[in-house]
Structures are given as structure tokens and as C-alpha cells.
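One structure is given below, encoded as C-alpha cells.
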Amino acid sequence: MSYWYLDQNKGLKDQSLPDLAEARQKIISIAKKIKTARLENNLSCPWGGCSTCKSFEAILKGEMRYAGLGKYKSEVYVQK
Ligand SMILES: [Zn+2]
């Protein structure tokens with residue numbers, strides 16, 4: 001496998017892939033954690049709060065107002 005950042009490299013850079021069985025197991029493990037969290041409706045931040053979760057937590061607290069769908073059909077919220 002190779003990749004090429006046109007603006008940074010003059011040619012292809014080799015990139016080794018992870019062990020497929022190991023990667024598959026890691027993804028399945030994460031997917032099971034997500035499934036369990038959704039079933040239990042326990043979607044709290046595993047780190048006790050982080051910058052990624054901050055905006056979602058603001059939505060849940062009612063601090064944001066739904067504004068519609070964005071360019072890529074993602075939900076857009078604005079601060080009340
Ligand atoms: Zn978080």
C-alpha cells in the first residue's frame with residue numbers, strides 16, 4: 001500500500017498495513033462497546049468529558065438550537 005500527498009511528496013510513500021486479523025478484532029471490540037453503550041443509553045464520554053464531546057453535551061443540555069441540515073446533510077446547531 002502506498003500514498004502520496006501531492007503538495008508534500010515527490011512520489012509514492014510506502015505504508016505498511018496492520019495485521020488484518022488483529023485490526024479486525026480491534027474494530028469488532030470497539031463496535032461491541034458502541035452497541036452496548038447504545039443499548040444501555042449510556043453515551044457518556046469515556047474520558048469524563050473532552051473537547052470532542054463538548055458540543056454534543058451542549059445539545060443534550062438544551063444549550064443549542066437546531067438550525068437545519070448542513071451541506072453534507074449533517075445536523076447543524078447554533079448556540080441559544
Ligand atoms: Zn469525550
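For Gly48, are the conditions met, namely being more than 14 Å from the ligand (Cβ to nearest atom) and either of a type in the set (D, E, K, R) or surrounded by fewer than 10 Cβ atoms within 10 Å (Cβ to Cβ) (or both)? Spelling it out, it is not the case that Gly48 is more than 14 Å from the ligand (Cβ to nearest atom) and either of a type in the set (D, E, K, R) or surrounded by fewer than 10 Cβ atoms within 10 Å (Cβ to Cβ) (or both). Within the set Lys61, Lys32, Lys54, the sole residue that is more than 16 Å from the ligand (Cβ to nearest atom) and within 30 Å of Tyr77 (Cα to Cα) turns out to be Lys32. Is it fair to say Arg38 is surrounded by 10 or more Cβ atoms within 10 Å (Cβ to Cβ), away from the ligand (no atom under 16 Å from the Cβ) and among the basic types (Lys, Arg)? The answer is no for Arg38. Residues of the range 1-38 that are over 23 Å from Lys61 (Cβ atoms), among the hydrophobic types (A, V, I, L, M, F, W, C) and either out of contact with any strand residue (DSSP E or B) (no Cβ under 7 Å at 6 or more places or on another chain) or in a helix (DSSP H, G or I) (or both): Met1, Leu6, Leu17, Leu20, Ala21, Ala23, Ile27, Ile28, Ile30, Ala31. In this structure, Tyr77 does satisfy being touching a residue at least 12 places away in the same chain (Cβ under 8 Å) and assigned to a strand (DSSP E or B). Residue count for the range 51-74 under the criterion of being at negative phi, assigned to a loop (DSSP other than H, G, I, E, B) and loosely packed, with under 11 Cβ neighbours inside 10 Å: the result is 5.
Only the coordinates and a few stated rules stand behind these numbers; no lab work does. Predicted model only: the values in this text are computed from it and were never measured. For neighbour counting, all protein chains shown are included, and Cβ atoms are generated from backbone atoms with ideal geometry for every residue, glycine included.
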